[in-house]
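Structure record follows, encoded as structure tokens.
Just so you know, all these numbers are worked out from the coordinates, no wet-lab data involved. No experiment lies behind these values; they were computed from the predicted model shown. Cβ coordinates were reconstructed from backbone atoms using ideal geometry, including for glycine residues, and neighbour counts include every protein chain displayed.
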Amino acid sequence: MKSKLLQLLFLLLAINASAQTTIENYSYGVASGTSSDSITNPSIGGSIWRRHSGTTGQVKYLGTSLSYAGYASSGVGGSANFTFATGFSQDINRSTIAYNSGSVYTSFLLNMAASGGVGSNDSYFFHVMDTSAMTSFRCRVYIKDGTATNTFKVGLTKGSNTGITYTTADYPLNSTVLVVLKYKFDPVNSDSAFAYVFTSGIPTTEPSVPNLVATDISTGDLATFNAVAIRQHPTGSTITGTIDGIRVSNSWGGGPLPVKLTSFEANVNDELTIINWSTSSENNNKGFEIERSVDGKNFELIGFVKGVGNSNRINQYSFIDKNNESAFYRLKQIDFDGQFEYSNIISTKNDNTGIEIAPNPFKDEVMITDNKTITKTEIVDLTGKVVLSTEQNSNKVMVNTSGLKNGVYYIKIYNNAEVYSKKIIKSN
């Protein structure tokens with residue numbers, strides 16, 4: 001592409017939840033670091049999370065997130081911090097899509113700061129539930145000290161306080177693991193509960209052998225699965241941890257490993273528009289329908305690109321639209337079972353923006369000139385990570401790029417409500 005190319009690059013962290021998946025990324029903004037940062041505070045997550053037990057020792061909102069490579073909700077938003085105390089601290093729950101058949105998968109990231117001792121029948125910190133029966137706490141997840149120093153074990157019951165099964169493996173404190181719970185409705189026999197714990201990677205299909213199988217099968221079944229909860233009741237010693245990226249789905253792919261869209265861009269030149277996107281994980285992905293609109297509301301199908309199906313690596317896709325007019329685009333990702341979800345909408349403009357970038361290639365600085373007021377500039381690398389950002393209020397901006405490595409980048413130029421993106425190259 002030449003310098004005449006106008007490019008709008010819109011980077012996404014993930015496709016939004018489908019009709020069968022509930023996602024909690026704790027995207028509530030900046031934490032103030034005070035006691036007001038309770039998840040149930042109306043100014044934070046209070047419209048989503050509700051207290052159902054305890055009045056002290058609130059579950060706290062943290063403005064930082066947990067990360068786990070390959071997980072769809074890694075590094076998004078904030079997180080929740082729980083601490084067991086000597087009194088009955090706050091227990092909270094939030095609604096999910098309601099399920100009453102099949103298998104339901106609940107995945108979340110967990111980072112334990114203190115494991116609290118040898119464990120007891122009161123040491124569970126997370127469970128799923130039916131809010132119409134406020135004692136129906138199922139898939140209870142427990143914590144206790146590991147065999148080695150500064151480690152912990154994860155435990156599970158279906159719903160009783162006896163017969164806890166713990167992992168054989170120890171997991172280091174202050175490191176992030178991925179926990180996946182499975183609650184299986186059984187119309188003939190008793191329902192069952194399972195758990196998987198991962199320290200790296202995510203299988204593209206459900207493993208045949210779980211880490212934990214609940215033994216208390218005689219515990220009563222859920223009529224409906226419609227909420228998840230964080231619990232802080234006392235165990236006689238302190239348990240402290242952080243939980244993040246809760247995903248609830250009726251499929252393995254919709255929970256820990258859905259189709260994750262990591263970039264989506266449209267480039268228009270004098271003759272056509274080139275659409276590029278990438279995924280970092282896929283499960284049950286039949287492919288993508290490409291849709292175009294002239295008004296951003298009424299879309300038409302213009303093409304289809306076959307998906308990889310199942311993958312836990314980066315996959316790149318592209319499509320050429322023989323159209324060089326300004327337009328809106330979106331993707332419709334379709335599973336093999338017919339379920340689908342839409343990406344966000346991006347747009348292109350084929351006009352003379354008046355933006356000039358020089359020099360390009362550049363060395364230690366680059367000058368942006370525009371006939372409109374530039375309010376902000378961002379330089380992003382090819383993975384979509386913002387590597388340099390500056391606030392501006394001028395028609396001419398000089399950006400110091402001495403700290404960047406040689407390579408290809410995109411510079412995003414903000415003109416109030418408009419955003420333009422152009423390819424730039426650093427070369428010494």
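According to the square roots a ≥ b ≥ c of the eigenvalues of the Cα gyration tensor, what is the shape class of segment 21-249, taking rounded for a/c under 1.5, prolate for a/b larger than b/c otherwise, and oblate for the remainder? Intermediate results must be reported in sequence, preceding the final value.
Working: a/c = 1.27, a/b = 1.18, b/c = 1.08.
Judged from the Cα gyration tensor, segment 21-249 comes out rounded (a/c under 1.5).
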### Task
Mind checking which of 74, 348, 190 is farthest towards the positive end of the chain's charge dipole, using Cβ charges of +1 (Lys, Arg) and -1 (Asp, Glu) about the Cα centre?
74
### Message
Per residue of segment 87-95, what does 6.51 cos²θ - 1.76 cosθ + 1.60 with θ = phi - 60° give for ³J(HN,Hα)? Whole Hz please, x for Gly and Pro, Karplus curve as stated.
### Response
x, 7, 6, 5, 10, 10, 9, 9, 6
### Message
Under a Cβ-only charge scheme (Lys and Arg +1, Asp and Glu -1), can you give me the dipole magnitude of the chain about the Cα centre, in debye to the nearest 20?
### Response
440 debye
#### Entry: Packing-based exposure ordering (other Cβ within 10 Å, fewest first) of 246, 379, 314
314, 379, 246
### Summary
Residues whose modelled amide H sits under 5 Å from the amide H of residue 362, counting only those 5 or more places away in sequence or on another chain, are 425, 426, 427
### Query
Hey, fewest Cβ within 10 Å first, where do 291, 300 land in order?
300, 291
### Task
Per residue of segment 168-183, in order, report the coupling 6.51 cos²θ - 1.76 cosθ + 1.60 (Karplus, θ = phi - 60°) as ³J(HN,Hα) in whole Hz, putting x for Gly and Pro.
5, 6, 9, 10, x, 4, 6, 10, 9, 10, 9, 10, 10, 9, 10, 10
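Pairs of alpha-carbon atoms within less than 8 angstrom and 6+ residues apart define the contacts here; what relative contact order does segment 98-173 have, in percent?
On the way: 121 pairs, mean separation 19.3, N = 76.
Taking the mean separation of contacting Cα pairs over the length of segment 98-173, I get 25 percent.
Let me know the shape class of segment 356-426, please: from the alpha-carbon gyration tensor, a ≥ b ≥ c as square roots of the eigenvalues, rounded when a/c is under 1.5, otherwise prolate if a/b is greater than b/c, or oblate.
Values: a/c = 1.82, a/b = 1.41, b/c = 1.29.
Prolate is the answer for segment 356-426, as a/c is 1.5 or above and a/b outweighs b/c.
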### Message
Charges on Cβ only, +1 for Lys and Arg, -1 for Asp and Glu, centred on the Cα centroid of the chain; of 328, 28, 46, which one is farthest towards the dipole's positive end?
### Response
28
### Task
Quote the charge dipole size of segment 258-348 about the Cα centre in Debye, to the nearest 20; the model charges only the Cβ of Lys and Arg (+1) and of Asp and Glu (-1).
280 debye
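Structure shown: which of 260/363; 297/422; 297/372; 60/182; 144/182 lie over 23 Å apart, alpha-carbon to alpha-carbon? Could you put the intermediate results ahead of the total?
On the way: 260/363 34 Å; 297/422 26 Å; 297/372 27 Å; 60/182 26 Å; 144/182 21 Å.
Result: 260/363; 297/422; 297/372; 60/182 exceed 23 Å.
How would 330, 292 line up from fewest to most surrounding beta-carbon atoms within 10 angstrom?
330, 292
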### Task
Return the long-range amide H neighbours of residue 65 (sequence gap of 5 or more, or a different chain), with a cut-off of under 5 Å between placed amide H atoms.
none
### Query
Where is the GNM fluctuation largest for the chain (alpha-carbon springs, 10 angstrom cutoff): 172, 234, 361?
361
#### Entry: Given charges at Cβ of Lys, Arg, Asp, Glu: the chain dipole, positive-most of 176, 361, 213
361
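Grab the beta carbon distance between residue 218 and residue 326, set R0 = 41 Å, and tell me the FRET efficiency rounded to 0.05. Show your work: numbers first, answer last.
On the way: r = 64 Å, r/R0 = 1.56.
The pair residue 218/residue 326 has a calculated efficiency of 0.05.
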## Note on the structure
For segment 356-426, averaging the sequence separation of alpha carbon pairs under 8 Å that lie six or more residues apart and dividing by its residue count, the contact order in percent is 35 percent
### Query
Along the Cα-to-C-beta direction of residue 122, a point sits 7 Å from the Cα; which residues of segment 219-244 have their amide N less than 13 Å from that point?
232-239
### Message
Give me, ordered by chain and number, the residues 5 or more places off residue 117 or on other chains with an amide H under 5 Å from its own placed amide H.
### Response
145
